[in-house]
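Below: one structure, written as structure tokens.
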Amino acid sequence: MPQDQVEVTGMVLFSIPIGDYDKRISILTKEMGLVQAFVRGAKRPNSRFSAACDPMCFGSFLIYPGRSAWNLASVNIQNYFEKVKGDLEAVYYASYFLELAAYFARENLDASDQLNLLYISLSALTDGRFPGRLVRVVYELKTFVINGIYPDVFSCASCGCREDLAYLSPERGTIRCRDCGPEGGEVELLPSALYAMQYIIQKPVGKLYTFTVKEEVLENLEQVMKRLVGRYCDRPLKTASFLDGLP
């Protein structure tokens, strides 16, 4: 391997056409965070790179530096997530997950946890045990945790107690117990919703998809996460509109 070539493990978040025959892909990599790479001839019918440029492709990418970005030398795709691509609803969720990952991704930063989260969340979409809505709230909250922005749901912001917590303020990132009562604008959390949030925050990525919740709890979590996304993302995510029409 030439000295100027680097091998990274990652997933294609999106690709855009460049000129008549080339593409530029954004890869979330374990070792280097977000990597922009040109793929020469990717749009040619006989290109060995054409399928590897599709979003969700996961594998090893051999890249070398160019003038303004990296260039792709070779690729070994290990998972195309064909099951996800064969389910339209799963595609909508997956597109949203990729965009949220791209929103927080930065160059030259370790992205092991975010990449792992993205991988197992895409897998969970076609697992059959977890509704897409639950996968979404788990993915959103853990993404915020990985990026160091999430509410304190473990102790009352007023008295410090850790029992009977009930009133979460997504905007302030705090929770209050029933004795202290709400200040205004909080979401009242069901006990199971609170436990689910604490579980997602504390558990390692590999142990996230081990539970399900009742419909009323899921609706409560969705209410919270909608406001948290509005707080932590300074612009609407385009792919979120795909999910609005889903039952």
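FYI, it's all coordinate maths here, none of it is from the lab. Everything quoted here is computed from the prediction, not taken from an experiment. Backbone-built Cβ (ideal geometry, glycine too); neighbour counts: all protein chains shown.
Across the stretch 39-45, computed HN-Hα scalar couplings (Karplus, 6.51 cos²θ - 1.76 cosθ + 1.60, θ = phi - 60°) run 10, 6, x, 5, 8, 6, x Hz from first to last residue, x flagging Gly and Pro. Restriction of the GluC sites (Glu not before Pro) in the stretch 126-207 to DSSP coil positions whose beta-carbon has at most 11 other beta-carbons within 10 angstrom yields E163.
A crude spin-label estimate for the pair S155 and K207, with each label 7 Å from Cα along the Cβ direction, gives 2.2 nm.
Dipole check for the chain: with +1 at the C-beta of Lys and Arg, -1 at the C-beta of Asp and Glu, and the Cα centre as origin, the magnitude is about 660 Debye. Taking all Cα pairs closer than 8 Å and separated by 6 or more residues, the relative contact order of the stretch 122-247 comes to 24 percent. With contacts taken as Cα pairs under 8 Å at a separation of at least 6 residues, the chain carries a relative contact order of 15 percent.
Using alpha carbon centroids, what distance separates the stretch 56-72 and the stretch 221-247, in Å? So the separation of the two Cα centres works out to 31 Å. Our analysis of the stretch 186-235 gives Rg over Rh at 0.99, with the two radii drawn from alpha carbon positions and Rh computed by the Kirkwood formula.
Farthest towards the positive end of the charge dipole of the chain, among the residues V153, S60, L243, is the Cα of S60, using unit charges on the Cβ of Lys, Arg, Asp and Glu.
Here K207 is the anchor, and the aspartates and glutamates within straight C-alpha reach of less than 19 Å, apart from those fewer than 8 places off in the same chain, are D113, D127, E140. Rg over Rh for the stretch 6-80 works out to 0.92, both radii taken from alpha-carbon positions and Rh defined as the Kirkwood radius. Summarising the amide proton neighbourhood of G41: residues at separation of 5 or more, or on other chains, whose placed amide H is nearer than 5 Å comprise D22, K23. Once the Cβ-Cβ distance between E163 and L109 is put in as r, and R0 is 41 Å, what FRET efficiency do you end up with, to the nearest 0.05? Between E163 and L109 the formula returns 0.65. The dipole here belongs to the stretch 6-80: it is taken about the Cα centre, uses +1 on the Cβ of Lys and Arg and -1 on the Cβ of Asp and Glu, and is about 180 debye.
Counting only alpha carbon atoms, the long axis of helix 132-146 and the longest principal axis of the chain meet at about 90°. Using 32 Å as the Cα-Cα cut-off, could you pick out the over-long pairs in K30/K238; K85/K203; K43/K226? Listed pairs above 32 Å: K43/K226.
Helix 112-125 axis versus longest C-alpha principal axis of the chain: approximately 80°, rounded to the nearest ten. Which of M11, F104, P45 sits farthest toward the positive end of the charge dipole of the stretch 1-133, with +1 on the Cβ of Lys and Arg and -1 on the Cβ of Asp and Glu? It is P45, whose Cα lies furthest towards the positive end. Label-to-label distance for Q78 and N46 is 3.1 nm, based on points extended 7 Å past Cα in the beta-carbon direction.
Between the amide H of N79 and those of F58, distances stay under 5 Å, these residues lying 5 or more places away or on another chain, with hydrogens modeled in the peptide plane. Peptide packing: for 38-46, 234-242, the average count of neighbouring Cβ atoms within 10 Å per residue gives the ranking 38-46, 234-242, highest mean first. Take the Cα of I16, go 7 Å toward its beta carbon, and the backbone nitrogen atoms of the stretch 33-70 under 14 Å from that spot belong to 36-39, 69.
The stretch 12-44 and the stretch 116-137 have Cα centres spaced 25 Å apart. Within the chain, the proportion of Cα pairs with more than 34 Å between them is 24 percent.
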